[in-house]
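Heads up: the structure comes next, in structure tokens.
The values are calculated or read from the model by the stated rules, or taken from the named source; none is laboratory data. What you see is a predicted model; the values in this text were computed from it and never measured. Heads up, the Cβs are rebuilt from the backbone with ideal geometry, glycines too, and the neighbour counts pull from every protein chain shown.
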Amino acid sequence: MVFNQMQSNTLKPSSKLFSWRRITSLLGWTRSSYLLLSVFLATLFVIGFVWWPLVQGVIAHIDWRYPIWPQLDWLLFGIFAAMSLLIMAGADLKVDALIILVGLAGGLVIESWGTQTQLWTYYTFERPPLWIIPAWPIASLAIDRLFRGLRRLTAFVRPNVFRYLYWAVFVLFYALMLSFVWPTINKSFTWIALGLCAVLILTPTDYRLAVLTFIAGSGLGYFLEVWGTTRECWTYYTQQTPPVFAVFAHGMAAVAFWRVGRLVVSGWSLVASRL
């Protein structure tokens, strides 16, 4: 009896360890996952420290006379939790480093275009606010994980289906974009944006990957746009919360970032082969 008790006590730690390993395996966590999460949390801390008035503005909306829990922004917490789990899934710094760099550069370009043309404005009236730029690479990592899941789920779908979907989705998106940005058609930034999107759409490299990336980006973009517009963190000139175009624009941005990433990899491989 004593031996059995000692044996059960000995097995408990290993079984717990096995269970934790099984959980992390199911979630797809790697050594890089913890580093990415640490960088994500550190970025939030730096934004809160450097732009402390933003934090004060959030705290000012809390009425301390009432319970705090019902007043917390659970949609924001849900988005943060989902994105944290997503960026940790299957993390690989060699691949993710490029996604982060492209997301930073692309986010800066997109925010500059939108705020300079005043298609949307932030409550701080910065054009663009630097504190929003780190959100783009984080979202890009989350979209990459969603894309991987969609690719596995749609492995049985025939390639021709994505060919038809590609032209239907992106032609409709371009028409929607043209309608939305029309008030700023006299702006050079808008012409550049329209031109870049036209080039990307008319030069498909992989119909399946493009459609799935667009879906993943639009899916995450919906929740981000609902939060941002309903909390008046940013406001579109149409006053919609959110505009349909803004949701699908996240999908187009994701496709653009993916295409740029492929160009960088191809260019680097070409240079390396000639050295």
*For F180, all conditions in the list (1) assigned to a helix (DSSP H, G or I); (2) at pLDDT below 95; (3) more than 25 Å from G261 (Cβ to Cβ) hold save one; what is the number of the exception?*
(2)
*Which ones in the stretch 76-92 are surrounded by 14 or more Cβ atoms within 10 Å (Cβ to Cβ) and either at pLDDT 95 or above or of a type in the set (A, V, I, L, M) (or both)?*
L76, I79, A82, M83, L85, L86, I87, M88, A89, A91
*Give the number of residues within the stretch 33-82 that are over 18 Å from the mean Cα position of the chain (by Cα), within 27 Å of L93 (Cα to Cα) and touching a residue at least 60 places away in the same chain (Cβ under 8 Å).*
1
*Output the number of the condition that S188 fails; it satisfies all remaining conditions of (1) more than 16 Å from the chain's Cα centre (by Cα); (2) under 15 Å from R259 (Cβ atoms); (3) of a type in the set (G, A, S).*
(2)
*Any idea which residue in the stretch 101-139 is farthest from the chain's Cα centre (by Cα), counting only those that are β-branched (V, I, T), crowded, with 19+ Cβ neighbours inside 10 Å and in a helix (DSSP H, G or I)?*
T115
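State whether one or more residues within the stretch 203-225 are of a type in the set (S, T, N, Q), crowded, with 20+ Cβ neighbours inside 10 Å, out of contact with any Lys or Arg (no Cβ under 8 Å at 6 or more places or on another chain) and within 14 Å of H250 (Cβ to Cβ).
Step one: filter the stretch 203-225 for residues of a type in the set (S, T, N, Q), giving 203, 205, 213, 218.
Retained after the next criterion (residues that are crowded, with 20+ Cβ neighbours inside 10 Å): 213, 218.
Of the ones still in play, those that are also out of contact with any Lys or Arg (no Cβ under 8 Å at 6 or more places or on another chain) are 213, 218.
Then drop every residue that is not within 14 Å of H250 (Cβ to Cβ), which leaves 213, 218.
Yes, the stretch 203-225 contains at least one residue that is of a type in the set (S, T, N, Q), crowded, with 20+ Cβ neighbours inside 10 Å, out of contact with any Lys or Arg (no Cβ under 8 Å at 6 or more places or on another chain) and within 14 Å of H250 (Cβ to Cβ).
Identify, please: which residue in the stretch 235-253 is of a type in the set (S, T, Y) and part of a loop (DSSP other than H, G, I, E, B) and is, among those, farthest from V199 (Cα to Cα)? First the steps, then the outcome.
Initially, the stretch 235-253 is screened for residues of a type in the set (S, T, Y), giving 235-238, 241.
Filter once more, keeping what is part of a loop (DSSP other than H, G, I, E, B): 237-238, 241.
Numbers: Y237: 26, T238: 27, T241: 29 Å.
For the stretch 235-253, the residue satisfying everything is T241.
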